[in-house]
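Below: the structure, in structure tokens.
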Amino acid sequence: MAAHPAPAPDDCHSRLLSAAYETFLEEGYRASVDRISARAGVSKQTLYNHFPSKAELFAAAIHVAMEAMLASLGDAGRNLNLRERLIDFGVRYRSKLLSPSGIGCYRAMVAEASHFPELAATFYRSGPQQTAARLAVALEEAMHRGELRRDDPEFAVTLLLSMLVGHERFHVLFSGEPAAEPDPAAVGRIVDCFLRAFAPEAPSLAAPRKAL
């Protein structure tokens with residue numbers, strides 16, 4: 001499971017959050033408070049002193065998961081060309097979403113979204129929606145520079161993100177097999193398909209004038 005910053009040993013609140021993060025991703029909302037408190041090395045009463053209810057603890061743990069998921073989803077350096085930037089983004093995007101913690105977070109949010117609709121909406125706005133919006137800006141800029149053909153950048157983002165994780169996430173979720181290690185060559189094939197689909201249109205040549 002993807003690691004996140006280790007809490008200070010005397011920070012009870014952080015230990016509880018870390019234990020809840022790991023346990024909820026492994027077991028979902030059905031995880032017992034007793035198991036979480038034992039994992040944190042504190043009593044159940046101490047847990048309730050910090051988090052009055054299991055629902056509040058779950059919400060706090062999901063926020064920790066969100067921060068871990070988005071920690072390295074920024075754009076690549078501007079010194080790279082468009083293809084290199086998209087491959088760099090794609091490798092990091094797949095490594096986060098298809099990691100054990102990424103799959104666990106996705107499974108937990110889908111399972112509990114109907115019970116925590118506001119939390120699910122906040123998670124979406126703060127995570128996937130922000131990532132898509134930043135990528136849309138980058139693709140729109142590439143369209144203006146003539147590196148991609150003019151099209152709806154939001155449609156282009158939907159297509160690219162689906163190509164990067166769509167089917168493989170279903171495979172990991174239901175087959176029980178872990179995702180393969182991030183492979184720049186495999187991501188490069190996906191990016192090349194995307195770039196071919198949005199290749200700039202060739203300039204039309206004026207028809208030659210007939211001789212009089």
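Residue by residue through segment 172-187, which ³J(HN,Hα) values in whole Hz follow from phi under the Karplus form 6.51 cos²θ - 1.76 cosθ + 1.60 (θ = phi - 60°), with glycine and proline marked x?
5, 5, 10, 8, x, 8, x, 5, 5, 4, x, 10, x, 5, 5, 5
Working from Cα positions, state the angle (0 to 90°, nearest 10) between the long axis of helix 82-97 and the longest principal axis of the chain.
20 degrees
Could you order the peptides 86-99, 111-124, 166-179 from most to least packed, using the average number of other C-beta atoms within 10 Å per residue?
Order by mean packing, descending: 86-99, 111-124, 166-179.
For the chain, what is the calculated [θ] at 222 nm in deg cm²/dmol (nearest 500), taking -39500 (n - 2.57) for each run of four or more DSSP H residues and dividing by its residue count?
Result for the chain, helices only: -21500 deg cm²/dmol.
Obtain the nm distance between the two label points defined at F170 and N81 by a simple spin-label model: each point lies 7 Å from its Cα along the Cα-to-C-beta direction.
Roughly 3.4 nm, to one decimal.
Picking from F155, F194, F24, which is most flexible by a Gaussian network model of the chain using Cα springs under 10 Å?
F155
Leaving ligands, DNA and RNA out of it, report the carbon-plus-sulfur percent of the accessible area of the chain at a 1.4 Å probe.
Summing carbon and sulfur atoms, their accessible area is 56 percent of the total for the chain.
Report relative contact order for the chain in percent, whole number only (criteria: Cα-Cα under 8 Å, sequence separation at least 6).
21 percent
Over the chain, give the accessible area per residue in Å² for a 1.4 Å probe, as an integer.
Accessible area per residue: 57 Å².
The values are calculated or read from the model by the stated rules, or taken from the named source; none is laboratory data. This structure is a prediction, so every number in the text was calculated from the model and none was measured. Using ideal geometry, Cβ is built from the backbone for each residue, glycine included, and neighbour counts are taken over all protein chains shown. Side chains included, ligands, DNA and RNA excluded: accessible areas come from the protein's heavy atoms. Shrake-Rupley method; radii C 1.70, N 1.55, O 1.52, S 1.80 Å.
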